[in-house]
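Here the structure comes first, spelled out in structure tokens, and everything after it is commentary.
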């Protein structure tokens, strides 16, 4: 099998990758706007009072002890079509990187749940059906905490 080559130089690829944000992404902003319009208030990026939560969740509902992560399907290795797309260039690197992200996500979820937090993940692919997304978010936020 022939090795696939990247069409960009290392410097060009590095420049492109450095522009990808981890906070305030379009999917995250969409979820924030939707919930804010419904009257929900939250803290951003893992702040619960003065302490940071494991994984720095995108939205924190401290009074409800609930958090929401808004994950990109590719970056967090979701099982949808976009999440299963494997880059041809530098494939081993990307496979390992995405697997570490998936493992880190699972560990952080366990840590949050062990500390008494309820965790919900919104996947980028779920943003296509806004009414279903809204229903899921409200159901999560309004459900009783055990």
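Remarks
- The mean of 1/r over all pairs of different alpha-carbon atoms in the range 25-95, once inverted, gives a Kirkwood hydrodynamic radius of 13.9 Å.
- For the range 96-140: Kirkwood Rh in Å [reciprocal of mean 1/r, alpha carbons]: 12.2 Å
- For the range 23-142, convex hull volume per residue from C-alpha positions, Å³: 109 Å³
- DSSP beta bridge pairing in the range 23-142, given as percent antiparallel to the nearest 5: 55 percent
- Maximal additional length on extending the residue 11-residue 79 stretch stands at 21.4 nm, based on 0.36 nm per residue less the C-alpha distance.
- For the range 23-142: relative contact order, % (alpha-carbon pairs under 8 angstrom, 6 or more apart): 24 percent
Only the coordinates and a few stated rules stand behind these numbers; no lab work does. Keep in mind it's a predicted model, so treat the numbers as computed, not measured.
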